[in-house]
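Just below is one structure, and these are the notes that go with it.
None of the figures in this text is laboratory data; all of them are computed from the coordinates on show. Computed from a predicted model, the values in this text were never measured in an experiment. Reconstructed Cβ throughout: ideal geometry from the backbone, glycine too, with neighbour counts over all protein chains shown.
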Amino acid sequence: MSDRESVDLEPGFVLHQRPYRNTSQLLECLTANYGRIGLVARGSRRIDARRALLQPFVPLHLTWIRRGELGQLRHVEAAAQPYELGAERLLAGFYLNDLMLRLTERGDANGPAFSCYSQCLTELSARGNLARTVRLFELRLLRALGYGLALECDTRSGEAVQPQYRYFVELELGPRKVDDGAVGEQIYSGFHLLSLHEERLEDAESLGSAKRLLGQALTRYLGGRVLRSRAVLKDIFERGLNE
């Protein structure tokens, strides 16, 4: 970027922060209109009010100037109250942040991805079913990033997926009908595929299939990298601590 960029009161969130020099921080922020950006917050570690604001899950208005990859934060103010995420919901929030950091590029503006993220924080704080909230975030984020799963039509016949049949799902193509006795990691019931496509996920079996399919998709687009936060959430769900 050769021209100086000056942005005032842009809606955003801090995804990650780390110390920089003696008193400052390096921030990775997700913004509504500029995508993910890197900002230097000078002196923020010695100003209590500013340090308290520059935390994950706080809706912010950010003002910065930038020439090049990193900008300088000039002003920050709260846009709303922080999202209250306790216990396992806080871990889910950090998982959201991990995905945004790993699946987005700096400077790639994506309004639907920002909306997907902020909507999920709202749903996490509302204390609905945690597993369902996380699965729907994964599905919606993949769609927003152009990696959406085509689940409603048989790729071989062109017919609509039927709940009573079983399908082999090839991630970048979609499902194709197989014999009832077929088994394997890429075999799913039509009922579960439609439940995910229609964002219902109202039963444990549909949630389990969604976790498996979305996990396969995320592993591919993460380049095989396993996120530690996802492993922790998996343990939480398996122990039933998801309410």
For this session: Search the structure for amide H atoms under 5 Å from the amide H of Arg166, placed 1.01 Å from N in the peptide plane, and list their residues when 5 or more places away or on another chain.
Result: Val178, Gly190
Seminar exercise, completed: From fewest to most C-beta neighbours within 10 Å, the residues Asp179, Asp98 line up as Asp179, Asp98
For this session: Taking the Cα centre of the chain as origin, sum charge times position over the Cβ atoms of Lys and Arg (+1) and Asp and Glu (-1), and report the length of that vector in debye to the nearest 20.
Result: 1200 debye
Exercise. Relative contact order, percent, of segment 1-67 when contacts are C-alpha pairs under 8 Å separated by at least 6 residues?
Worked result: 44 percent
Exercise. Is segment 5-78 best put as rounded, prolate or oblate by its Cα gyration tensor, with a ≥ b ≥ c the root eigenvalues, rounded for a/c under 1.5, and otherwise prolate when a/b is larger than b/c, oblate when not?
Worked result: oblate
Seminar exercise, completed: A student applying the Cα gyration tensor rule (rounded when a/c is under 1.5; otherwise prolate if a/b is larger than b/c, oblate if not) would label segment 89-184 prolate
Exercise. Taking H as built 1.01 Å from N, whose amide H comes closer than 5 Å to the amide H of Phe57, not counting residues under 5 places away?
Worked result: Val14
For this session: Work out which helices of the chain, taken as complete DSSP H runs, extend at least 24 Å along their axis over the Cα atoms and score a mean Kyte-Doolittle of -0.5 or more, then list them.
Result: 204-221
For this session: Using a Förster distance of 25 angstrom, determine the FRET efficiency expected from the C-beta separation of Glu170 and Lys234, and round it to 0.05.
Result: 0.55
Problem set entry | Residue-by-residue Karplus 3J(HN,Hα) for segment 181-186, coefficients 6.51, -1.76, 1.60, Hz, glycine and proline x | x, 5, 9, x, 5, 9
Exercise. Under Stokes-Einstein, with the Kirkwood radius over Cα pairs standing in for Rh, what whole-number D in µm²/s applies to segment 114-232 at 4 °C and 1.567 mPa s?
Worked result: 87 µm²/s
Exercise. Out of Cys116, Cys29, Cys153, any idea which swings most in a Gaussian network model of the chain, alpha carbons joined below 10 Å?
Worked result: Cys153
For this session: List every residue whose amide H lies under 5 Å from the amide H of Glu5, counting only residues 5 or more places away in sequence or on a different chain, with H placed 1.01 Å from N in the peptide plane.
Result: Arg66, Arg67
Problem set entry | Value of relative contact order over the chain, rounded to a whole percent, pairs C-alpha under 8 Å and six or more apart | 15 percent
Problem set entry | Overall form of segment 53-143 per C-alpha gyration tensor (a/c, 1.5; a/b vs b/c) | oblate
Seminar exercise, completed: For segment 160-174, Karplus-derived ³J(HN,Hα) couplings (6.51, -1.76, 1.60; θ = phi - 60°; whole Hz; x for glycine and proline) come out as 5, 4, 10, x, 7, 9, 10, 9, 8, 10, 9, 3, 8, 10, x
